[in-house]
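Chemist: Input: one structure, supplied below.
The values are calculated or read from the model by the stated rules, or taken from the named source; none is laboratory data. These numbers were taken from a predicted model, which means no experiment stands behind them. Positions of Cβ are generated from backbone atoms using ideal geometry, with glycine treated the same way; all protein chains shown enter the neighbour counts. Ligands, DNA and RNA are stripped out before the accessible areas are found, and what is left, the full protein with its side chains, is counted by its heavy atoms. Shrake-Rupley method; radii C 1.70, N 1.55, O 1.52, S 1.80 Å.
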Amino acid sequence: MERRSLLAASAGALAGAAAGCLGDPEPSRLDLTVRNDGDAPVDVDVVVAGDDGSTYAEQSDRVEPGVARAFEVTVGAAGRHEAAVTGTDWEGGLAWDAGTCALYDGRVAVDAEAVEVAGECAEPR
């Protein structure tokens, strides 16, 4: 009898562990850095949204010359997500698919002449 109880308990534990592995996927995350390469401060607005209309972040900050600001945003686990970074007379944008990328690393560099945008999936699913 004890052997049957042990086997039943083991089977129950395995089923519980498997259910945890098959549960909802973890949300995706954006690690965004906005760097001011210019000679004057810039005011930046960051909006992160999903293709389903969800807005995950709306943040504003002033970035002094030679300084970078980090923004971390957790978003949904699936679908296309976009980050729009705007200033007074410039804008930059990034997009990624949360279903294939658990961690997206984005960078925006601004100066008086140009806006440089780069991004990569730092942790694929």
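Chemist: Would you be able to tell me the number of residues in segment 103-125 that are free of Cβ contacts under 8 Å to residues at least 60 places away in the same chain and charged (D, E, K, R)? Before the answer, list the steps.
Modeler: Residues of segment 103-125 free of Cβ contacts under 8 Å to residues at least 60 places away in the same chain: 113-121, 123-124.
If we keep only those that are charged (D, E, K, R) too, we end up with 113, 116, 120, 123.
Selection size over segment 103-125: 4.
Chemist: For ASP51, all conditions in the list (1) without any contact (Cβ under 8 Å) to a residue 24 or more places away in the chain; (2) open to solvent by 60 Å² or more (accessible area, probe 1.4 Å) hold save one; what is the number of the exception?
Modeler: (1)
Chemist: Could you list all residues from segment 91-102 that are surrounded by 16 or more Cβ atoms within 10 Å (Cβ to Cβ) and either free of Cβ contacts under 8 Å to residues at least 40 places away in the same chain or under 12 Å from ARG29 (Cα atoms) (or both)? Lay out the reasoning, then the answer.
Modeler: First, the residues of segment 91-102 that are surrounded by 16 or more Cβ atoms within 10 Å (Cβ to Cβ): 92, 94, 96, 98, 101-102.
Hits for segment 91-102 are GLY92, TRP96, ALA98, CYS101, ALA102.
Chemist: Next question. With the requirement that a residue be over 11 Å from the mean Cα position of the chain (by Cα) and closer than 14 Å to GLY119 by Cβ, what does segment 81-94 give you? Lay out the reasoning, then the answer.
Modeler: Residues of segment 81-94 that are over 11 Å from the mean Cα position of the chain (by Cα), as a first pass: 84-93.
Within segment 81-94, ALA84, VAL85, GLY92, GLY93 meet the criteria.
Chemist: Related question: Across segment 73-90, what is the total count of residues that are in a strand (DSSP E or B) and either of a type in the set (Phe, Trp, Tyr) or open to solvent by less than 20 Å² (accessible area, probe 1.4 Å) (or both)? Even if it seems obvious, please write down each step before you answer.
Modeler: Here is the first cut: in segment 73-90, the ones in a strand (DSSP E or B) are 73-74, 80-86.
From what is left, the residues that are either of a type in the set (Phe, Trp, Tyr) or open to solvent by less than 20 Å² (accessible area, probe 1.4 Å) (or both) are 73, 81, 83, 85.
The number of residues fulfilling the criteria is 4.
Chemist: Here is a list: ALA122, ALA118. Which entry is under 17 Å from VAL46 (Cα atoms), exposed (fewer than 15 other Cβ atoms within 10 Å of the Cβ) and at pLDDT 95 or above?
Modeler: Details: ALA122 fails: under 17 Å from VAL46 (Cα atoms).
ALA118 is the lone residue from the list that is under 17 Å from VAL46 (Cα atoms), exposed (fewer than 15 other Cβ atoms within 10 Å of the Cβ) and at pLDDT 95 or above.
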